[in-house]
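Participant: Attaching a single structure in structure tokens format; questions to follow.
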Amino acid sequence: MRRLLLTLLSCLSVSALWADGPKYVFYFIGDGMGIPVINAAQYYSARTASSYTGIGLYGYGNHKLTMCTLPIAGIATTDCSDSHITDSAAAGTALASGTKTDSGMIGMAPDNHELYSIAHTAKAAGKAVGIITTVSIDHATPASFYAHRPNRGLYHEIALDGIETGFDLYGGSGFLKPVKDDVDVYDLYEKAGYVRLRGRDGLKKMKSVKTPVLLTEREEAPSNLLAMAIDRSDDDMTLADMVAASIDYLSKRGGDEGFFLMAEGGQIDMACHSNDPKAAIEEVLDFDKAVAVAYDFYRLHPDETLIVVTADHETGGFALGNYDSGYTMNIDCLSGVKCSASMLTAMMRQSDMAWSDARTALEETWGLGGDIEVDDDEWKRLESIYANSKSEAIYEASKLVSRAAGLGWTTGSHTAAPVAIFAAGRMLEPLAGMHDNTEIAKLLKSLYVQGHPAIEATLVNKKSRR
């Protein structure tokens, strides 16, 4: 009752703060980002900093992540309508629309009714809208904000839905299935008025563009993912750079009405699926740099800006501690890990690397046999696994790295663990405490609708024609 009263009072007072709803909204989603991996990133950042003194319980020093400094904090449960453990499609739909759905469904309820996201609400309110990610634009989480499909695997059809929204900006690595039956998605976006920009050069050009933008990675880069933070070169785009460029671009597109920006750190999930602790930590730190860009903007416009940071689910059952570690962690040893599990696996596959060379690579790029102790029996086990599957051998090596760091994993899939909510801005106080993930989108929608009562009439759920 008290929470309901606070929410009602908040909504009643919105019109006094915003005549037309909040002007600027940032919605950050760390895919697969559980609370333990956030803590691990803080520990690692502090322990490996040159200024670290070892003083204090946590050793945070000045290395507390920006998202963890936001004034409002809560927890969200992540179950979907057909399982305690969600996938990114159902979780993304819940975070985008405020409605539960079945695993695999994008922007649709279990009965196939189309669901409209907070991005649709923002567009109906006259805001400029941007959807950016570190994975493909048609991946489950970003797709949940613009598409309506019964199956997340309908990549071509999902990409087509993006054209119909009229959103101002889509950004990510590209599309997974751009061509089907001689229909090229990129051509259709250009015919619809989108200008395609590529990579870091494209980011620089966004300031001067006056049409909708489709931003993808540079031409020679893969279309499924941006480079992981741990593997990145100077030529690769970062989420922080994308957020900064999006702010400039969307501010001009939205003018006095402002903008809504959803930014996904999609590869935290990828790293945790691989039980790859160093890559996961680096992805969280990289994601937080993007949050920091938005928070700098918030501090310039505190009365007009909202920031919400959360995750769609936890991946990996990541734990700070394992059977061997007792009451200690040795997270510092991860400093010797110089590339991701996925890059190491790809390198070994492409060259059909012999075991002797693979062992040398594990020693030189991951520190196995050095800071990360490996005995003769463990090397023999890795060699045996490597003979049958290079990817399985790297997965087993990841376990050795985690063990040495004092970290643990329960699965290579998702879990039902709750995730964090961090927020900054007026009217977001109801997000403090424990919530269902649908409540985040419901609150954000209510703030827009309060300023624009006619919005609901334009966003009535329709029976799907798909």
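Participant: Condition first: acidic (Asp, Glu) and part of a loop (DSSP other than H, G, I, E, B). Now tell me which residues in region 96-116 satisfy that.
Facilitator: If the condition is that a residue be acidic (Asp, Glu) and part of a loop (DSSP other than H, G, I, E, B), then Asp102, Asp111 are the ones that fit.
Participant: Something else about it: Would you mind finding the one in Trp379, Trp366 that is farther than 25 Å from Thr134 by Cβ and either among the aromatic types (Phe, Trp, Tyr) or crowded, with 18+ Cβ neighbours inside 10 Å (or both)?
Facilitator: Matching residue, one of Trp379, Trp366: Trp379.
Participant: Take the residues of region 117-145 that are polar (S, T, N, Q) and assigned to a loop (DSSP other than H, G, I, E, B): which is farthest from Thr101 (Cα to Cα)?
Facilitator: Among residues in region 117-145 that are polar (S, T, N, Q) and assigned to a loop (DSSP other than H, G, I, E, B), the one farthest from Thr101 (Cα to Cα) is Thr134.
Participant: Restricting to region 114-161, give me the number of residues that are farther than 25 Å from Met33 by Cα and either within 17 Å of the chain's Cα centre (by Cα) or among the β-branched types (Val, Ile, Thr) (or both).
Facilitator: Adding up the residues that qualify gives 1.
Participant: List every residue pair whose Cβ atoms lie under 6 Å apart, where the two residues are 6 or more positions apart in sequence or sit on different chains, the first residue falls within region 390-418 and is among the hydroxyl-bearing types (Ser, Thr, Tyr), and the second residue, located anywhere, is open to solvent by less than 50 Å² (accessible area, probe 1.4 Å) and assigned to a loop (DSSP other than H, G, I, E, B).
Facilitator: Correct list of pairs: Ser398/Asn275; Ser398/Asp276; Thr410/Gly317; Thr411/Gly317; Thr415/Gly317.
Participant: If you take the residues in region 70-120 that are out of contact with any Gly (no Cβ under 8 Å at 6 or more places or on another chain) and free of Cβ contacts under 8 Å to residues at least 24 places away in the same chain, which one is nearest to Thr310 (Cα to Cα)?
Facilitator: Going through the qualifying residues, I end up with Cys80.
Participant: Report every pair of residues separated by at least 6 positions or lying on different chains whose Cβ atoms are under 9 Å apart, first residue within region 327-354 and touching a residue at least 40 places away in the same chain (Cβ under 8 Å), second polar (S, T, N, Q) and crowded, with 18+ Cβ neighbours inside 10 Å.
Facilitator: The qualifying pairs are Ser340/Gln267; Ser340/Ser274; Ala341/Ser274; Ala341/Asn275; Ala341/Ser398; Ser342/Ser274; Thr345/Ser274.
Participant: Just a yes or no: is a residue in region 141-155 of a type in the set (Val, Ile, Thr), out of contact with any Lys or Arg (no Cβ under 7 Å at 6 or more places or on another chain) and open to solvent by 10 Å² or more (accessible area, probe 1.4 Å)?
Facilitator: No, because not a single residue in region 141-155 is of a type in the set (Val, Ile, Thr), out of contact with any Lys or Arg (no Cβ under 7 Å at 6 or more places or on another chain) and open to solvent by 10 Å² or more (accessible area, probe 1.4 Å).
Participant: Check whether at least one residue in region 74-87 is open to solvent by 50 Å² or more (accessible area, probe 1.4 Å) and either assigned to a helix (DSSP H, G or I) or touching a strand residue (DSSP E or B) at 6+ places or on another chain (Cβ under 7 Å) (or both), and report yes or no.
Facilitator: Checked against the condition, which is being open to solvent by 50 Å² or more (accessible area, probe 1.4 Å) and either assigned to a helix (DSSP H, G or I) or touching a strand residue (DSSP E or B) at 6+ places or on another chain (Cβ under 7 Å) (or both), region 74-87 yields at least one hit.
Participant: In this structure, is Ala417 open to solvent by 20 Å² or more (accessible area, probe 1.4 Å) and part of a loop (DSSP other than H, G, I, E, B)?
Facilitator: Numbers: open to solvent by 20 Å² or more (accessible area, probe 1.4 Å): yes; part of a loop (DSSP other than H, G, I, E, B): yes.
Against the criterion (open to solvent by 20 Å² or more (accessible area, probe 1.4 Å) and part of a loop (DSSP other than H, G, I, E, B)), Ala417 qualifies.
Participant: Here's another thing I want to ask about it. Tell me, which residue of region 424-444 that is open to solvent by less than 40 Å² (accessible area, probe 1.4 Å) and in a helix (DSSP H, G or I) is nearest to Gly258 (Cα to Cα)? Let's see the steps before the verdict.
Facilitator: Pass one, region 424-444, residues open to solvent by less than 40 Å² (accessible area, probe 1.4 Å): 424-425, 427-428, 430-431, 433, 435-438, 440-441, 443-444.
Among the residues that remain, those that are also in a helix (DSSP H, G or I) are: 430-431, 438, 440-441, 443-444.
Details: Pro430: 23, Leu431: 23, Thr438: 24, Ile440: 20, Ala441: 18, Leu443: 18, Leu444: 15 Å.
Result: Leu444.
Participant: Filter region 286-334 for residues that are surrounded by fewer than 17 Cβ atoms within 10 Å (Cβ to Cβ), in a helix (DSSP H, G or I) and modelled with pLDDT under 95 and give the result.
Facilitator: Scanning region 286-334 gives a single hit, Asp332.
Participant: Step by step: first the residues of region 337-360, then only those that are among the small types (Gly, Ala, Ser) and surrounded by fewer than 18 Cβ atoms within 10 Å (Cβ to Cβ), then the one that is nearest to Ser398 (Cα to Cα). Which residue is that?
Facilitator: Ala346
Participant: In region 210-226, how many residues are open to solvent by less than 40 Å² (accessible area, probe 1.4 Å) and either hydroxyl-bearing (Ser, Thr, Tyr) or at pLDDT below 95 (or both)?
Facilitator: Within region 210-226, residues that are open to solvent by less than 40 Å² (accessible area, probe 1.4 Å) and either hydroxyl-bearing (Ser, Thr, Tyr) or at pLDDT below 95 (or both) number 4.
Participant: A further question on this structure: What is the one condition in (1) over 17 Å from the mean Cα position of the chain (by Cα); (2) outside any helix (DSSP H, G or I); (3) under 26 Å from Ala96 (Cα atoms) that Met262 does not satisfy?
Facilitator: (1)
The values are calculated or read from the model by the stated rules, or taken from the named source; none is laboratory data. Remember, predicted model here, so these are calculated numbers, not experimental data. Positions of Cβ are generated from backbone atoms using ideal geometry, with glycine treated the same way; all protein chains shown enter the neighbour counts. What goes into the accessible areas is simple: the full protein's heavy atoms, side chains included, and nothing from ligands, DNA or RNA. Shrake-Rupley method; radii C 1.70, N 1.55, O 1.52, S 1.80 Å.
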